[in-house]
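What follows draws every value from the coordinates through simple rules; no lab data is involved. Since this is a predicted model, take the numbers as computed values, not measurements. Reconstructed Cβ throughout: ideal geometry from the backbone, glycine too, with neighbour counts over all protein chains shown.
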């Protein structure tokens, strides 16, 4: 993510230069306010952007302390990046230590990413690049004994075709949240548009289990 930001900020980026000159039909690649790459504003909204990463890591650590002390499940609901995805934080698994079940792991936190239904997704090239980072090992939080990854939620597109990415869905979407009284789970149903403007959606469900660790 930081690499992509740096590339788009560079004055040597040929796509930005062509967009500013209006050549090759790339005028839409830059915004009309300051002629920066249009996608740069969206990337700066990501909580893993270089402008937010230190603050983001601090917030996660504070939420872990709060979850452990108060025995509550913390889940992040975010958006404005024009796609759907689910990130996951959990206790870092090292060596032969047994993995902690999500219900007993106070570090287990979902980051449910949705977006306003009116927002169109980023270009396929950007989605492909971000998707390629989904399985990458991120060591940013290892000093906090925390691992971060993404949930392979999207096995198929809403139209039934094989999904281009299991981790990021580049379609307009919205999210509904509910509580399952039979399990205590928080249930997040990401509703993804099947066909643009048709008013029909397909749901992808992810669950956050209730806290079952000892305070």
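Ordering 66, 204, 106 by the number of other Cβ atoms within 10 Å of each residue's own Cβ, fewest first, gives 66, 204, 106. Counting 0.36 nm for each residue step from residue 88 to residue 72 and taking away their Cα separation leaves a gain of 4.1 nm. By the beta-carbon count within 10 Å of each Cβ, the least crowded to most crowded order of 157, 178, fewest first, is 178, 157. Remark: spin-label model distance residue 189-residue 139 equals 4.3 nm, labels positioned 7 Å along the Cα→Cβ axis. The residues 53, 136, when put in order of fewest to most other Cβ atoms within 10 Å, stand as 136, 53. Relative to its Kirkwood radius, the Cα radius of gyration of the range 55-208 gives an Rg/Rh of 0.98. Taking square-rooted eigenvalues a ≥ b ≥ c of the alpha carbon gyration tensor, is the range 127-212 rounded, prolate or oblate, where a/c under 1.5 means rounded and, failing that, a/b exceeding b/c means prolate? Oblate, since a/c reaches 1.5 and b/c is not below a/b.
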